[in-house]
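Report on the following structure.
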Amino acid sequence: MSIDHKRQGRSARRKGRAGEQELARLLREHLGVEISRNLKQSRDGGHDLTGLDGVAIEVKRQTRLKLPAWWRQTLEQAEQTGRVPVLAYRQDRQPWRFVVALRDLMDGCQAQPNALEMTATLPLEAFCLWMRERM
C-alpha cells in the first residue's frame, strides 16, 4: 500500500469521526438527550451513534454521494440490532440530511412491497421533530 493511499485512509477516517462528533453535538442540542459516538462500531459492527432508543444512525460525511450503497449499509446495520434504519449524511458546505424509510415515518406503508426502498430525505429540523414524536 502506498504512503498516499494510507494518508487518504487516515484522512477519511478523521473526516468520518469529525462528522459523527458534529452530528452528535447537533442532535444533543436539538433533542436534549445524550448522544455519543458508538466507539465499538468498528470492532463489533453496527451503527455510528448511540443514545436514540430504537434508532440505528449511520453517519456519512463525504464529498461525493453514494446513497444506494450507504442505504444498504444502513439497513444491514439496523437489522443486526433490530432498530429503525436512519442514514445521516452531509456533503461539504451543505446541511445534514436524514434518509428514513417511509414505512417508519407513516402508518400504512409497512405492508407495501419493497417498503424499505421507499425513503424520504429530511432536513435536521424535520428529523428532530420526528424523533421527539417517537420519544
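Odds and ends about this structure:
- Enumeration of residues in the range 60-72 that are at pLDDT 95 or above and touching a helix residue (DSSP H, G or I) at 6+ places or on another chain (Cβ under 9 Å): Lys60
For (1) over 22 Å from Met118 (Cβ atoms); (2) modelled with pLDDT of 90 or more; (3) exposed (fewer than 14 other Cβ atoms within 10 Å of the Cβ), each residue gets a yes or a no:
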residue	(1), (2), (3)
Leu39	yes, no, yes
Asp44	yes, no, yes
His47	no, no, no
Gly51	yes, yes, no
Val55	no, yes, no
Thr74	no, yes, no
Val84	no, yes, no
Pro95	yes, yes, yes
Ala101	no, yes, no
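- Subset of the range 90-107 [under 13 Å from the mean Cα position of the chain (by Cα) and hydrophobic (A, V, I, L, M, F, W, C)]: Trp96, Phe98, Val99, Val100, Ala101
- Among residues of the range 60-82, those that are under 21 Å from Gln21 (Cβ atoms) and under 12 Å from the mean Cα position of the chain (by Cα), counted: 6
The values are calculated or read from the model by the stated rules, or taken from the named source; none is laboratory data. Predicted model, so just to flag it, every value in this text is computed and none were measured. With ideal geometry, Cβ positions are generated from the backbone for all residues, glycine too; neighbour counts draw on all protein chains shown.
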